[in-house]
Structures are given as C-alpha cells and as structure tokens.
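Asker: Attaching a single structure in structure tokens format; questions to follow.
The values are calculated or read from the model by the stated rules, or taken from the named source; none is laboratory data. What you see is a predicted model; the values in this text were computed from it and never measured. Cβ atoms come from the backbone with ideal geometry, glycine included; neighbour counts cover every protein chain shown. For the accessible areas, the whole protein counts, side chains as well, though only heavy atoms, and no ligand, DNA or RNA atoms are used. Shrake-Rupley method; radii C 1.70, N 1.55, O 1.52, S 1.80 Å.
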Amino acid sequence: MSESRSAGQAWLEIARISNLPTVVSNSVAGAAIGAGAGWGLENGRPWIFAPTAMWWAIAAAPLAYVGGMVLNDAFDASIDATERPSRPIPSGRITRLQAFAAGFALLALGIAAIRMTGSQAAFGCMLALTAAVVLYNIVHAWSAASVVLLAACRALAALVPLIVFHGESFHWRSPTLALPGALAAWTLGLSMLARREMSSAALPAGTVAVMGYAIRLFFAIACFAAILSSSRRGGAFPPQASIWASVAIAFVTAIFAHLSWRRIRRGAGAVRRAVGRMIVCLALLDAIFVTAAGDPLSGAICLALALLADRAQRRVAPT
C-alpha cells in the first residue's frame, strides 16, 4: 500500500467514516420532519426544494460527527497506545497534533454552516452539540455518565436541521421532537453496551433474552410515536399506506437489531460487532419516522444510508 493511500485509510479510520451515513440520515430525517410541519406545508413543496441556505443545516451535524471522532482519538491517544496500538495515532500514521487541528477545524465548520442558515435557535443547538462533543471526549474515559452526552449528540444531529426546516412555527412542545427523543433513547442504550466492547466475557443468556424483548418493545413504541407525531401533518403518501409502511420498517428493524444483539452470546469481540450493526439501526429509526410522516422519498434515502453504513463497516471499523 502506498504512503498516500495508507494516510488516507488512517483518516477514514480515525473518523469512523463507516458510521457517517447514519449521521447524514439523522440530518435528512430532521430536515424532512421539520419541513413536513413547517417550510414544506407553507410552500407546498418537499424539503429537497428548500433554499440553499437551509441545506447547510444538513451538513452541520456530519461535520461535527467527523470532528468529534477525530478528537476522540486525539484525547484517547495514551489509552489507545496500550489498548489499541493499531489505531492511527499510536501507530504513527497520524500525529496527535494533526488530529486536534483537524477535529477542532471540523467543529468550527459545523458552526459556520449553521450560521449560514440564519436560524438563531438552530445556532444555539449547534453550539450545544459542539459543547457536548468536546465535553464527551474529555470525560468519557473516566465517567460512565458520559453516555448521556452521546445521546444528546444524536438527538441534536436531527434537531438542528429540524428547527431550520420547521421555520418560525417551531416550538418546544412540537410533536416533531419525538424523532430526536427516539434517537437519544436508542443511542443511550447502545452507548451503555458499547462500553463493554473491550471485554472478552459474554453476557449471560438471560440478560441477552430480556434485552431482546426490550429491543422489540422499543421499536414498537418508536413506531407508535412516529405515527402519533405525524398525525397533524400532510404528506405525499396516503395516510394509511404511510402507517403500514412505517410498521413494516419498524418490524424489520426490530428483527435486525435483535439478531445483532444475539451475536453477543458468542463471547470475545462480539460486542463490538453487535454495536456496529446496532448503530445502523439509527438510520432505520429515521426511516420509520419519515415514512410515517408521509415522505417515502426521505424514507428511501434513510434506508439507503443504512445499507451504505452496513456495507462500509466491513471496510472500516465502526468503533
């Protein structure tokens, strides 16, 4: 492998680029849900025809994600030198200074992108997202409570474009907030599991079975919330067809997540593989919500991004 190709691979690894499609999906879903309740209803057009300035809101969270992942390795360089010596910084493929510079530059670009939209509420949420990213990278190594910050980051990834595309009609009691709430809840549970990924011990069979039922219950509730939160909005899809399509996606997602969870029974290394597959479920969760809102095009985009993330994880480790 050439030196330039090796450097490129190192940057893909440090950015956990295989998970990026799920963050793009969160942003797309936030934009679609927001437009369906605000800009789209006012203009009678789907969100993809929104002004260019509003599209910057979709780019902000992915920029923050990549910046946060790069900073994660920069802050954890001393830990990785012992536990993961093959990571880009301990292996010498990227210097710690380069990672800090790139990470903070990407966070700054995310903030600049939101300034382009002109939304003060979204700008405030983007500052909160940036703060959560930096704070998580500082404290996660010694505080299990840091998983709350990760949950907040996923919620804000959808909330920022949701506010921009919702427009002036947005308020903090809006039913559209069900999407960020669902993303936060799934991420919270997933992050608690991910903290075990370096463990070689398998979880007890009873725990795996109980969590399997919890996973199916979660997606049933999420689907119900998606249908309720979209009941006041119109869409391109007939209401009944939207509901049944959303239920079908939720059912398939629950099975996919449950099968991924069951991999943990296999012991050493299985947690990491399961976590990667369950990260993909975040994009599938987006598809449930936007499909219930009567937007099959956005639902198809989220499904495609989920597939892309699943494929990418075979080339670049997701965690």
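Asker: Quick one: if you stick a label point 7 Å off each Cα along the C-beta vector at Phe100 and Arg262, how many nm between them?
Answerer: Modelled inter-label distance: 4.8 nm.
Asker: Report ³J(HN,Hα) in whole Hz for each residue of the range 305-319, in order, from the Karplus equation J = 6.51 cos²θ - 1.76 cosθ + 1.60 where θ = phi - 60°; Gly and Pro get x.
Answerer: These are the phi-based 3J(HN,Hα) values: 5, 5, 5, 4, 5, 4, 5, 5, 5, 6, 10, 10, 4, x, 10 Hz.
Asker: Counting pairwise Cα distances across the range 87-178, what percent come out greater than 16 angstrom?
Answerer: Working: 2623 of 4186 pairs.
Of the Cα pairs, 63 percent sit more than 16 Å apart.
Asker: I want to check the label-to-label distance for Leu109 and Ser143. Put each point 7 Å from Cα in the C-beta direction and report it in nm to one decimal.
Answerer: A separation of 2.9 nm, rounded to one decimal place.
Asker: Per-residue ellipticity at 222 nm for the chain, helices alone: DSSP H runs ≥ 4 residues times -39500 (n - 2.57), over residue total, nearest 500 deg cm²/dmol? Please report the intermediate quantities before stating the final value.
Answerer: Numbers: 13 runs with 232 residues, N = 319.
Roughly -24500 deg cm²/dmol at 222 nm, from the helical runs in the chain.
Asker: Moving on. Whole number in Å², please: accessible area per residue of the chain, 1.4 Å probe, ligands, DNA and RNA not counted. Intermediate values should be presented prior to the final figure.
Answerer: On the way: 14140 Å² over 319 residues.
Using a 1.4 Å probe on heavy atoms only, each residue of the chain averages 44 Å².
Asker: With an 8 Å cut-off on Cα pairs and a minimum separation of 6 or more residues, tell me the relative contact order of the chain in percent. Walk me through the numbers before you get to the answer.
Answerer: Values: 517 pairs, mean separation 82.7, N = 319.
Answer for the chain is 26 percent.
Asker: Still on this model: Dividing the alpha-carbon Rg of the range 121-162 by 2.2 N^0.38 Å yields what? Walk me through the numbers on the way to the answer.
Answerer: Numbers: Rg = 10.5 Å, N = 42, 2.2 N^0.38 = 9.1 Å.
Cα-based Rg divided by the globular estimate yields 1.15.
Asker: When the Debye formula is applied to the Cα atoms of the range 1-107, each taken as the same point scatterer, what base-10 log of I(q)/I(0) results at q = 0.09, 0.14 Å⁻¹?
Answerer: Each listed q maps to, in turn, -0.34, -0.64.
Asker: In debye, nearest 20, what is the charge dipole magnitude of the chain about its Cα centre with +1 on Lys and Arg Cβ and -1 on Asp and Glu Cβ, if you could check? Write down the numbers at each step before the final one.
Answerer: Values: 25 positive and 12 negative charges, 163 e Å.
The calculated dipole for the chain is roughly 780 debye.
Asker: What's the angle, to the nearest 10 degrees (0 to 90), between helix 120-139's Cα axis and the longest principal axis of the chain?
Answerer: Roughly 20 degrees between the two axes.
Asker: At a Förster radius of 45 Å, what calculated FRET efficiency corresponds to the Cβ-Cβ distance of Leu127 and Arg45, to the nearest 0.05? Each step should come with its number before you reach the end.
Answerer: Working: r = 30 Å, r/R0 = 0.67.
That gives a FRET efficiency of 0.90.
Asker: Now for a separate question. Please turn the phi angles of the range 251-258 into ³J(HN,Hα) values with the Karplus equation 6.51 cos²θ - 1.76 cosθ + 1.60 (θ = phi - 60°), one per residue in order, whole Hz, x for glycine and proline.
Answerer: Result, ordered by residue: 5, 5, 5, 4, 5, 4, 5, 5 Hz.
Asker: Pairing the Cα long axis of helix 3-14 with the longest principal axis of the chain, what angle in degrees results, from 0 to 90 and rounded to the nearest 10?
Answerer: 60 degrees
Asker: Pulled fully out, how much extra length does the chain show between His171 and Ala214, if you take 0.36 nm times their separation in residues and subtract their Cα-Cα distance?
Answerer: 12.4 nm
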